[in-house]
1. Using θ = phi - 60° and the Karplus form 6.51 cos²θ - 1.76 cosθ + 1.60, what ³J(HN,Hα) does each residue of region 30-44 get, whole Hz, x for Gly and Pro?
2. Of V28, V41, V103, which is farthest on the positive side of the dipole of region 2-104, counting Cα position, with +1 on Lys and Arg Cβ, -1 on Asp and Glu Cβ, and the Cα centre as origin?
3. Lys and Arg at +1, Asp and Glu at -1: add these up for the other residues within a Cβ distance under 15 Å of I56 and post the number.
4. What does the charge count near E5 come to, summing +1 for each Lys or Arg and -1 for each Asp or Glu among other residues with Cβ under 14 Å from its Cβ?
5. Computed from the coordinates I sent, Cα Rg over 2.2 N^0.38 Å equals one of (1) 1.03; (2) 2.41; (3) 1.68. Tell me the label.
6. Sort out for me the Cα centre separation of region 1-62 from region 91-106, rounded to whole Å.
7. Could you give the size of the charge dipole of the chain about its Cα centre, using +1 on the Cβ of each K and R and -1 on the Cβ of each D and E, expressed in debye and rounded to the nearest 20?
Amino acid sequence: MSTGEEEVVGTLEVRGGKIRIPAVRAFVRETHHHRELSFFVPPGSIIRVKDPVKLIIAGPVPRVISAKVAAHMPSARGDIGDHYDARIAGEEQFPDGLDKPPVIIA
């Protein structure tokens, strides 16, 4: 029961910035019950179940999407990489840049 989907590209931070993966392609899905982030990372990236992640999306109004990796194993695709799903906990926009206070969206 998907009500919307948006494709985004950004830098993925895992475990508070201990791991940074640039140019991650992701999809933000909204259903009637929750929001979900699906993303692909290069094969061999060390991401574990329940890891907190942040997707930092550059642009005229930078965004940061916070999520927690879902409790199931990823499906690997050699041509794209490892696929993960994460439940979105919140989203912030930074209309004045990433060094200024955010506007909390959800």
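1. The phi angles translate into 10, 10, 6, 10, 7, 10, 9, 10, 10, 8, 10, 10, x, x, x Hz.
2. Value computed over the given set: V41.
3. +3
4. -2
5. Entry (1).
6. What the calculation gives is 17 Å, centre to centre.
7. 400
Readers should treat all values here as calculations from the given coordinates under stated rules, not as data from a laboratory. Computed from a predicted structure; not experimentally measured. Cβ coordinates were reconstructed from backbone atoms using ideal geometry, including for glycine residues, and neighbour counts include every protein chain displayed.
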